[in-house]
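K.L.:
A single structure is presented below for examination.
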Number of protein chains: 2
Amino acid sequence: MAAATTTNTAAARLLASAGGSLTLYTSRICPFAQRTTIALHDLGLIDAIEPTPTNPNGASLVEIDLANKPEWYTATINPRGKVPALKLGSGGPILIESALIAEYLYQAAGRTDRLLTNPEDAHTRYAASRVTEAINDAFVPAFYALLREHDTEQQPAATAKLLSAVHDVGAVLDAEGPYAVGSEWSVADTLAAPFLARLVVLKHYRGFDLKDASTARDENSARFVRWATALLEREAVKQTTAPAESLVVAYAKYAGPPRV
Amino acid sequence: MAAATTTNTAAARLLASAGGSLTLYTSRICPFAQRTTIALHDLGLIDAIEPTPTNPNGASLVEIDLANKPEWYTATINPRGKVPALKLGSGGPILIESALIAEYLYQAAGRTDRLLTNPEDAHTRYAASRVTEAINDAFVPAFYALLREHDTEQQPAATAKLLSAVHDVGAVLDAEGPYAVGSEWSVADTLAAPFLARLVVLKHYRGFDLKDASTARDENSARFVRWATALLEREAVKQTTAPAESLVVAYAKYAGPPRV
């Protein structure tokens, strides 16, 4: 009950800040877009990622087909042509960039606990920012580099780089967990989870299994594996992750045909 | 009087959060390091960038010679070997990365007004983040690209790219100014100012004059010029900027000999 009340108050506050309605232009395939659907689910504004909202008081989702992007999207919504974009109210303004949209949603909803922006949370927010930095600067580039590596002779080196990134992220995670900075979910988890939810694609195309990292007797990598497990069990992540088969199909353009 | 009291309260709060003392490893040449000295000055914790503190109740500065980096620095303070790094208390922890340190300082000091992290500031914080993103992703790379362009035939193209970045940053600045998001100084100004304070180096080596951008009848670029002027007039920026001659000497390694 307490949690539900908190969520409803936060959702109402966010909708008031946004001029009464929220329209998210998104793609269920895109990890950056999922950062924002996780935040919306976490705030009680969507129940799933169906374009037809199942929550009548929530946000509207508009699915953009990235493989066949409509002209009106770049012309009228986001000149950069990327998802996500968030329209506030019926006539704008339109916000872009996944991390900025997720932060806006939490902040406008008054969820400073998720953002860790209260003065007494300064050390914890620093820790959260280090995790986000490691995901953005180490893990994500290594993830895409392995996915794009078609040369089987080069794939072991790309795999080693990804395992090295896993180690580096693990080094800045909270020692106890299970979430990035401790027992409570924070924006660092929201921003990282979509990439962990797409490891299934690397498993399919490159045989990469995160579990292999945990068999190494390496405390940092073990932390990462425990963290990834906790994120993927979270309802906001489960309900906003597209089925594995559709992710595999969508990522074929990077990865080429599945390995035999 | 009111401002001084605010600053003193903020400084006391920050020092308490940091375990009683703050030691900043910095370089007066480095723009990233200056982001943190601006924040410290803004919070009343330093009066200048002299290694010997002139403010007995403030932060200690340790100048690191980047051209001749001491081994102990990478070994014991920042494994990345970069400045700035901030040691809290007498025994750590040590924080790294300029933007994260500046944000930590403001947050621990309770200056949510500088960070714009209160729920009612969600739209303004989004605007501030867009300015920081444009500085980091457009202006800074174009700045260094022009500085490093030794080929005089290629310099006009590099200059054009920098002017294009100036235009892009101007597009996300507040229309009224004079600061990034309006009449009040914010973290977006703190993070941008050191790069504007180094335009003197581009003037010296490449003949680049920001004023040329304002003569173009382009509202976005004119906004940028007005903003740059306001930032460079700010006491926290003036007192933390190294003399122009020393910046010119330090940047010779990028730019080569001065133009005749």
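K.L.:
Provide the descending list of Cα extents for chain A along its principal axes, expressed in whole angstroms.
P.N.:
54, 47, 29
K.L.:
With point charges of +1 on the Cβ of Lys and Arg and -1 on the Cβ of Asp and Glu, referenced to the Cα centre of the protein assembly as shown, which listed residue (A:Leu173, B:Gly177, B:Tyr205) lies farthest in the positive direction of the dipole?
P.N.:
Going by the charge dipole, the pick is B:Tyr205.
K.L.:
Let me ask something else about it. How large are Rg and Dmax for segment B:52-116 when only the alpha carbon atoms are used, in Å?
P.N.:
13.3, 39
K.L.:
A further question on this structure: If you place +1 on the Cβ of every Lys and Arg and -1 on the Cβ of every Asp and Glu, how big does the dipole about the Cα centre of segment B:120-255 come out, in debye to the nearest 20?
P.N.:
The calculated dipole for segment B:120-255 is roughly 380 debye.
K.L.:
Determine the shielding of peptide A:94-105 by partner chains: average, over its residues, the number of Cβ atoms on other chains within 10 angstrom of each Cβ.
P.N.:
The mean count of partner-chain Cβ atoms within 10 Å per residue comes to 3.
K.L.:
Just to be sure I understand: chains B and A are related by a rotation, so which residue of B has its Cβ closest to that axis, and how close in Å?
P.N.:
B:Thr117, 2
K.L.:
Assigning unit charges at the beta carbon (Lys, Arg +1; Asp, Glu -1) and nothing else, what dipole magnitude in debye, to the nearest 20, does chain B show about its Cα centre?
P.N.:
Once rounded to the nearest 20, the dipole reads 440 debye.
K.L.:
Take every DSSP beta bridge with both residues inside segment B:2-114 and express the antiparallel ones as a percent of the total, to the nearest 5.
P.N.:
In segment B:2-114, approximately 65 percent of DSSP beta bridges are antiparallel ones.
K.L.:
Tell me, what is the Rg over Rh of segment A:128-260, with Rh the Kirkwood radius over Cα pairs?
P.N.:
0.95
K.L.:
log10 I(q)/I(0), Debye, Cα-only segment A:2-114, no solvent, q = 0.09, 0.17, 0.18, 0.20 Å⁻¹?
P.N.:
Ignoring solvent entirely, the Cα scatterers give -0.21, -0.74, -0.83, -1.03.
K.L.:
Just from its helices, what would the mean residue ellipticity at 222 nm be for chain A, if runs of 4 or more DSSP H residues each count -39500 (n - 2.57) and the sum is divided by every residue, rounded to the nearest 500 deg cm²/dmol?
P.N.:
About -15500 deg cm²/dmol.
K.L.:
Here is a follow-up. Picking from A:Leu191, B:Asn8, A:Ala39, whose Cα lies most toward the positive end of the charge dipole for the protein assembly as shown (charges on Cβ: Lys, Arg +1; Asp, Glu -1)?
P.N.:
Among A:Leu191, B:Asn8, A:Ala39, the one farthest towards the positive end of the dipole of the protein assembly as shown is A:Leu191.
K.L.:
I need the Kirkwood Rh of the protein assembly as shown: take the reciprocal of the average 1/r across all distinct C-alpha pairs and report it in angstrom.
P.N.:
Over the protein assembly as shown, the inverse of the mean reciprocal pair distance is 24.6 Å.
K.L.:
With respect to the cross-link table entries A:Lys161/B:Lys82; A:Lys69/B:Lys82; B:Lys161/B:Lys238; A:Lys238/B:Lys82; A:Lys161/B:Lys238; B:Lys82/B:Lys238, which display a Cα-Cα separation exceeding 32 Å?
P.N.:
A:Lys69/B:Lys82; A:Lys238/B:Lys82; A:Lys161/B:Lys238, as the Cα separations exceed 32 Å there.
K.L.:
Give the range of the longest stretch in chain A that excludes all GluC sites (Glu not before Pro) found in loop regions by DSSP and having at most 14 other beta-carbon atoms within 10 Å.
P.N.:
In short, A:1-152.
Quick note: the coordinates plus some simple rules give every number you see, no bench work behind them. Keep in mind the model is a prediction, meaning the values are calculated, not measured. No Cβ is skipped: glycine too gets one built from the backbone with ideal geometry, and neighbour counts run over all protein chains shown.
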